Amino acid sequence: MADADLTSSANAALAWLLLQFLLCAVLIARAGFELSRSADRLAGLYGWGRGWVGLALLATVTSLPELASGISAVALVDAPSLAVGNALGACVVNLAFLVIVDALQRRQPMYRDASATHLLSAAFGVVMLGFVALSVLVGTRSPTLLHVGLYSPLLLGLYLLALRSVHALEWQALRAMSSGGAGSVQQGTPPGAPREWRRFGLAALLVLLAGIWLPEVADALAQALGLSRSFVGTVLMAVVTTLPEMAVTLSALRLGALDMAIGNLLGSNLFNVMILSIDDLFYTRGALLAHVSMVHAGTAMTALIMSGLVIVGLVMRPQGRVLRVTSWVSIGLVSAYAINVALVYLSAG
């Protein structure tokens, strides 16, 4: 009887954790949809380019769950592998979601219509992910300043440089369109903008609160299921915290804004890698990447490979589809993601 009571209690606790996890997912997905609608309206009101909105504004806000979850994981839960796995796993999930974007482009692979500006975003992502992989492999031998690894200011600087560089390209394109009569950038505050900013802010706040709640639920769920924190962070949490990106991307595609969709996913990856520098600041036991499992180096390298495939697709602009469904680039992305999930599950302890 006692064993039956314990089993029943454990099942009830697991069901409650799963319910909380599902609720986090629903809240994040709903808020992400509202973010996409508000951002598109703001782009129309101000005359901003959709590609830039996706890269900077949406990518930053939709990555708030990774930011909140990472800080919460290192500061409250003391789970550095959960934080690093979530950030890097989110990068891999974002890149894998490009397969869905590609499949939904019915006429031809998405790489045929995508802006060449995305090459710059993907290239900066490769550089930043390379430094992360190297720092994980170096481990405790990585130089630090106080308790912060020297890679942290480097990642932050690269992220800001990426935003500045991509913004310069987008601004040149907008000026060219404006001089050609294709549109203009709105000066001042257009009517209706304050109300739209409030909606945008409320949706962002909801994403942030759900992101703070998520790591505690995920950590308890990992213990209940006997899964490693590395696996839960890299796979389960990464999928949930990228739901805003998914919702925004699908909404952008419905609006016909392919560049906003791609810019959101690639821009989110830049922000996710930069988040590691912020997590490092809140982790007071030493350099963050020196206190995590080596399996995260594999995840960073997987993201490197997938980013390289995206760059190849943007340069080669493939025309054909495999089995009339998607491009060969997407086949490579799916394969890399599946291999990474298997390796994390088998290797993480």
Using beta carbons and a limit of 9 Å, which pairs, at least six apart or on different chains, have the first residue in the stretch 54-66 and closer than 13 Å to residue 167 by Cβ and surrounded by 24 or more Cβ atoms within 10 Å (Cβ to Cβ) and the second one at pLDDT below 80 and not hydrophobic (A, V, I, L, M, F, W, C)? 55/167; 55/170
The stretch 258-284, subset among the small types (Gly, Ala, Ser) and buried (at least 24 other Cβ atoms within 10 Å of the Cβ), residue nearest to the chain's Cα centre (by Cα): 268
Pairs only if they're at least six apart or on different chains, beta carbon under 7 angstrom, first in the stretch 265-281 and closer than 19 Å to residue 117 by Cβ, second outside any helix (DSSP H, G or I); list them, first residue then second. 268/63; 271/63
Would you say residue 243 is over 27 Å from residue 166 (Cα atoms), among the hydrophobic types (A, V, I, L, M, F, W, C) and crowded, with 22+ Cβ neighbours inside 10 Å? no
Would you call residue 51 among the small types (Gly, Ala, Ser), modelled with pLDDT of 85 or more, within 25 Å of residue 311 (Cα to Cα) and buried (at least 24 other Cβ atoms within 10 Å of the Cβ)? no
Here is a list of conditions, (1) more than 17 Å from residue 133 (Cα to Cα); (2) buried (at least 18 other Cβ atoms within 10 Å of the Cβ), and residue 319 meets all of them except one; can you say which number that is? (2)
Are any residues in the stretch 67-78 surrounded by fewer than 21 Cβ atoms within 10 Å (Cβ to Cβ) and more than 18 Å from the chain's Cα centre (by Cα), and if so, which ones? 75, 76, 77, 78
Condition met for residue 293 (within 21 Å of residue 169 (Cβ to Cβ), touching a residue at least 40 places away in the same chain (Cβ under 8 Å) and not aliphatic (A, V, I, L, M)): no
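The values are calculated or read from the model by the stated rules, or taken from the named source; none is laboratory data. Every value quoted in this text rests on a predicted model; they were computed, and no experiment measured them. For neighbour counting, all protein chains shown are included, and Cβ atoms are generated from backbone atoms with ideal geometry for every residue, glycine included.
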